[in-house]
Amino acid sequence: MLCLGIETSCDETAFALVESGRRLIASKLISQTEVHRAFGGVVPEVAARRHLEAFNPLLSELLVEASSVLAVPASDVLSAVSAIACTNGPGLIGTLLVGLAGAKALAWALDKPLLTVDHIQAHVCANYIGTELEPPFLALVVSGGHTQIMHFKSYKEFEIVGQTIDDASGEAYDKVARILGLGYPGGPAVDKLAAQGNPQSYNFPEGQVPGYDFSFSGLKTAVMRAVENPRSDLAAADVAASFQDAVNRVLFRKTVQCAKSYGVNQIVLAGGVAANSDLRSRFEKVALVEGFKIFRPPIALCTDNAAMVASAAFFSGHEADLSVGAYSRR
Ligand code: KG4
Ligand code: ZN
């Protein structure tokens, strides 16, 4: 089954072709980071217009790339596709609607099934691409909008075991980057700066939330206080490293505890914050020491992309009719 994936849930326009959920055939992505940087965050109306402008030219580029892999003319690639897959939520409603309208038009014109996928499940499915991962596993989904521990019993059946009660982990990275004047998007900038700092410089608090839930809003306030009332030795790299340590420590500890108590030996990382080098290395070390099998996508498949959408369509997509809508929250 060859699936065309379409992603427009936030500020990346992306198309990809994936065969049977695991084999990436071709992938194209345009990031709008530069457009939104001046505003310090994504402006939904601007993002939707950019998706609209990018949609047709980017799809044409994908077909050219795929034609050489599939050894057919670019004009024949779409007829080889088995289904059109699209994220219809959660995300920014205006940007989701651009992708969904495009997906519906393609499905109707080509007379192919339309499959809708949940954005968070799609992040998890990025881990199926190029691997032999099979459920059961525990997934830590850490993105700009979500922070969840999910227990996948099968490809389609999952339970949310824990989640943030306030800010998402990526949101905390972005807010702290703004406090430190590192600009947008914040996560990669904090990651880079933290590598030069001492994580023990500041004792930032972990949110005191029971069970497998998380809280990051108090941590962000503590960082703000440290910057507004600076110690004589204030160094941005030390603040970044100490903040990163506080976020990643609690993400790591609760995920490993949860995996042990659920008797699951496979842990899957997903979402933009899964690109964080310190978080990745914590899980790589525990894999060696405690025998867990850790899966984390290549960096390009951690942040928003369309390959994960095409994969999710194969494993857990919903066949939809042309009246299907988009949703901003789950
Ligand atoms: O999954 P994603 O691309 O979009 C959402 O669905 O939200 O995640 C974006 C988030 C942003 O908050 C960004 O700052 C964060 O992922 N991020 C990182 C890193 N790369 C991206 N956070 C920490 N370290 C990184 N290297
Ligand atoms: Zn995402």
Quickly run through segment 1-21 and pick out the residues that are under 18 Å from the mean Cα position of the chain (by Cα) and either outside any strand (DSSP E or B) or not aliphatic (A, V, I, L, M) (or both).
-> G5, E7, T8, S9, C10, D11, E12, T13, F15, G21
Among the candidates L58, L62, L24, residue that is more than 18 Å from the chain's Cα centre (by Cα) and more than 30 Å from L182 (Cβ to Cβ) = L62
For segment 219-254, how many residues are outside any loop (DSSP other than H, G, I, E, B), basic (K, R) and farther than 17 Å from L140 by Cα?
-> 2
Pull up segment 118-132, narrow it to residues that are in contact with a strand residue (DSSP E or B) (Cβ under 6 Å, 6 or more places away or on another chain) and open to solvent by 10 Å² or more (accessible area, probe 1.4 Å), then point me to the one that is farthest from R296 (Cα to Cα).
-> H119
Matching residues in segment 94-127 - criterion: being in a helix (DSSP H, G or I) and under 30 Å from A259 (Cβ atoms) | H119, I120, Q121, A122, H123, V124, C125, A126, N127
Is there a residue in segment 291-299 that is away from ligand 1 (no atom under 16 Å from the Cβ), touching a residue at least 40 places away in the same chain (Cβ under 8 Å), within 30 Å of H51 (Cβ to Cβ) and assigned to a loop (DSSP other than H, G, I, E, B)?
-> no
Odd one out for Q257 among (1) assigned to a loop (DSSP other than H, G, I, E, B); (2) modelled with pLDDT of 95 or more; (3) surrounded by fewer than 24 Cβ atoms within 10 Å (Cβ to Cβ) | (1)
Out of segment 14-32, which residues are open to solvent by less than 10 Å² (accessible area, probe 1.4 Å) and in contact (Cβ under 8 Å) with a residue 60 or more places away in the chain?
-> A14, F15, A16, L17, V18, G21
Only residues that are within 15 Å of ligand 2 (Cβ to nearest atom) and open to solvent by less than 20 Å² (accessible area, probe 1.4 Å): list them for segment 78-117, please.
-> C86, T87, N88, G89, P90, T95, L96, G99, V117
Being farther than 16 Å from D213 by Cα and within 14 Å of ligand 1 (Cβ to nearest atom) is the filter here, so list the residues in segment 251-267 that pass it.
-> none
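Determine whether segment 171-190 contains at least one residue that is among the hydroxyl-bearing types (S, T, Y), within 16 Å of ligand 2 (Cβ to nearest atom) and touching a His at 6+ places or on another chain (Cβ under 9 Å).
Step one: filter segment 171-190 for residues among the hydroxyl-bearing types (S, T, Y), giving 173, 184.
With within 16 Å of ligand 2 (Cβ to nearest atom) added as a condition, the list becomes 173, 184.
Imposing the further condition that a residue be touching a His at 6+ places or on another chain (Cβ under 9 Å) reduces the set to 184.
The answer is yes; a qualifying residue exists.
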Which numbered condition T303 fails, given (1) of a type in the set (S, T, Y); (2) open to solvent by 50 Å² or more (accessible area, probe 1.4 Å); (3) more than 10 Å from ligand 1 (Cβ to nearest atom) = (3)
Counting just the residues of segment 189-201 that are open to solvent by 60 Å² or more (accessible area, probe 1.4 Å) and assigned to a loop (DSSP other than H, G, I, E, B), which one comes out nearest to ligand 1 (Cβ to nearest atom)?
-> A195
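I'd like to check something: does segment 265-272 contain any residue that is part of a helix (DSSP H, G or I) and open to solvent by 50 Å² or more (accessible area, probe 1.4 Å)? Explain how you work it out, then say what you get.
Taking segment 265-272 and keeping what is part of a helix (DSSP H, G or I), we get 272.
Subset that is open to solvent by 50 Å² or more (accessible area, probe 1.4 Å): none.
No, the conditions are met nowhere in segment 265-272.
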Whichever residue in segment 161-188 is assigned to a helix (DSSP H, G or I) and aliphatic (A, V, I, L, M) and, among such residues, is farthest from ligand 1 (Cβ to nearest atom) | I179
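Just one of G130, G91 is part of a loop (DSSP other than H, G, I, E, B) and within 16 Å of ligand 1 (Cβ to nearest atom); which is it? Reasoning before the result, please.
Details: G130 fails: within 16 Å of ligand 1 (Cβ to nearest atom).
Step by step, each of G130, G91 is checked, and only G91 is part of a loop (DSSP other than H, G, I, E, B) and within 16 Å of ligand 1 (Cβ to nearest atom).
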Quick one: would you say F204 is part of a loop (DSSP other than H, G, I, E, B), within 16 Å of ligand 1 (Cβ to nearest atom) and open to solvent by less than 60 Å² (accessible area, probe 1.4 Å)?
-> yes
Only residues that are open to solvent by 20 Å² or more (accessible area, probe 1.4 Å), over 18 Å from the mean Cα position of the chain (by Cα) and not charged (D, E, K, R): list them for segment 156-188, please.
-> V161, I165, I179, L180, G181, L182, G183
Right, D191: modelled with pLDDT of 95 or more, under 20 Å from the mean Cα position of the chain (by Cα) and assigned by TED's automatic domain parsing to the domain that holds V309 or not?
-> no
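The values are calculated or read from the model by the stated rules, or taken from the named source; none is laboratory data. Just so you know, these numbers come straight off a predicted model, no measurement behind them. Please note: Cβ atoms are built from the backbone with ideal geometry, for glycine as well, and neighbour counts cover all protein chains shown. The protein model used for the area step is the full one, side chains on, heavy atoms only, and it has no ligands, DNA or RNA in it. Shrake-Rupley method; radii C 1.70, N 1.55, O 1.52, S 1.80 Å.
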